[in-house]
Amino acid sequence: MMKNVLYFILLTFFLYSCHTDYRSKINNAILNGDDDLAISYLDKAIEDNPSTEYLYMRADCEMKVGKYENALRDYERLLQPYSTEKQDIDSYIDISKDSSVNINSIYEKQLSAYYHLGRMDAVERKFAQLSPYFEYHDSNGKNDYWNGMIAKKKGHLGDAYCYLRNASRKGNTNAFAEFKKIAKDTGRPSEIPSEVDSTGIEIQFTDGTKWHFAKQGEETQEPVKVERKRIAVDYLEKYILMNHLNRNALKYIPGMRNKGKKPATICLAYFQNKIIQIIKLPNGNQLPETLLKKHDVCSNDYASPSKPLVLDVWVVKYQNAQGEKTCELYLI
């Protein structure tokens with residue numbers, strides 16, 4: 001009896017020693033950047049103990065060395081209640097009991113593997129499955145990142161550029177690297193423009209005069225002057241809808257006094273790497289959709305301009321009691 005007990009204790013100790021030895025070797029190989037060696041140790045570890053942790057680690061290493069099909073097989077095993085390939089894994093795998101494995105993380109790894117393999121139907125199906133999760137936990141711009149990568153694969157570079165730019169704004173470093181590549185290859189701006197805030201910027205018009213531009217003033221504020229000017233902008237973006245035109249400003253723009261409250265569209269323009277808003281008047285025909293598409297950095301039909309685009313605008317100037325200046329720009 002004592003012999004059997006002693007044998008069991010020694011066997012348990014031996015198996016535990018092997019387990020910890022594998023873990024040490026695996027961790028050292030990964031730390032040294034030798035993923036192929038880590039995979040060979042993981043193969044042996046999984047043969048002895050097919051845990052979800054080891055499966056996940058092996059799949060992760062397989063992704064790093066470009067063995068995407070192998071990684072997909074491991075991810076599928078992780079998502080099944082038990083393996084159908086009993087020669088590899090013959091034990092029940094319960095993901096919910098292993099906190100080291102996150103199902104949505106596995107889905108995202110599958111998405112990445114499908115993308116690298118060019119299996120776009122599978123990519124779009126997996127992305128549709130993940131989108132609600134990304135939208136709910138989108139602190140790092142993953143939803144925009146994958147929208148951008150899918151658009152890039154389809155050749156829709158304008159869509160890809162803007163999705164990846166949005167993801168970059170949220171701190172996604174992978175998106176930023178892809179954003180820079182598209183910008184370089186297509187002549188789009190390679191820096192991410194910022195919105196003009198309440199502090200504003202100084203705008204210089206083509207005649208050399210300057211005025212401060214900041215957020216739109218209160219509708220009750222009276223303009224100090226309305227002038228027709230020209231402004232050179234570097235890039236444009238699509239029109240967006242605003243609630244309504246500023247009726248107080250319209251009173252001072254020639255031909256617009258009796259227009260009343262109407263919906264309006266705003267053209268987003270790049271000026272010194274800042275995004276400024278230029279409001280389109282209802283009767284304005286200076287920048288039709290066909291022309292805007294050529295200059296819109298988010299358009300798939302974008303053509304890199306040889307020189308800045310010069311726009312005719314009404315400049316509605318304001319100055320408050322403290323001497324602070326701002327203005328609105330209206331596209332003529």
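Derivation of every value follows stated rules applied to the coordinates shown; laboratory data play no part. Since we're looking at a predicted model, the values are computed, not measured. Counting neighbours? That spans all protein chains shown, and the Cβs are built from the backbone with ideal geometry, glycine included.
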> List the aspartates and glutamates whose alpha-carbon lies under 16 Å from that of K126, not counting same-chain residues fewer than 8 positions away?
Replying inline: E69, E76, E108, E135, D144
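Could you tell me the calculated FRET efficiency between Q272 and K44, based on Cβ-Cβ distance and R0 = 45 angstrom, to the nearest 0.05? Provide the component values of the computation, followed by the final result.
Numbers: r = 60 Å, r/R0 = 1.33.
The formula returns an efficiency of 0.15 here.
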> Roughly what would the spin-label model give for A303 and E124, points 7 Å off Cα along C-beta, in nm?
Replying inline: 3.0 nm
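Going by average Cβ neighbours within 10 Å, how do the peptides 157-167, 187-197, 133-143, 41-51 rank, with the highest at the top? Kindly include the intermediate steps, with their values, before the conclusion.
On the way: 157-167: 23.5, 187-197: 13.8, 133-143: 15.5, 41-51: 17.5.
Most protected by this proxy first, the peptides run 157-167, 41-51, 133-143, 187-197.
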> Tally Lys and Arg at +1 and Asp and Glu at -1 over the other residues with C-beta under 14 Å from the C-beta of I332: what net charge comes out?
Replying inline: +1
> Each label point is 7 Å from the Cα along the Cα-to-Cβ direction; what then is the distance between the points at T199 and H137, in nm?
Replying inline: 3.5 nm
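Given a cut-off of 26 Å, name the pairs among K184/K294; K184/K317; K109/K180; K109/K170; K154/K180; K293/K317 whose C-alpha atoms lie farther apart than that in the structure shown. Spell out each step's value before the answer.
Working: K184/K294 18 Å; K184/K317 37 Å; K109/K180 24 Å; K109/K170 21 Å; K154/K180 18 Å; K293/K317 29 Å.
Pairs exceeding the cut-off: K184/K317; K293/K317.
Sum up the charges of everything whose Cβ sits under 11 Å from the Cβ of Y252, counting Lys and Arg as +1 and Asp and Glu as -1, but leave Y252 out. Mind showing how you got there, number by number?
Working: positive: K225, R247, K251, R257, K317; negative: E222, E227, E328.
Combined, the nearby Lys, Arg, Asp and Glu give +2.
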> So what's the gap between the Cα centers of region 128-184 and region 23-58, to the nearest angstrom?
Replying inline: 31 Å
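Net charge around G208, counting only other residues with Cβ within less than 12 Å of its Cβ (Lys, Arg = +1; Asp, Glu = -1)? Mind dumping the intermediate values first?
On the way: positive: K210, K229, R230; negative: D207.
Net local charge, G208 excluded: +2.
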> N283 to K64: extension gain in nm, 0.36 nm per residue of separation minus the Cα-Cα distance?
Replying inline: 73.2 nm
> Reachable aspartates and glutamates from K210, Cα under 16 Å, same-chain residues fewer than 8 places away excluded?
Replying inline: E202, E227, D312, E324, E328
> Which listed residue (S131, A183, L37) has the Cα farthest towards the positive end of the charge dipole for region 18-186, taking +1 on Lys and Arg C-beta and -1 on Asp and Glu C-beta about the Cα centre?
Replying inline: A183
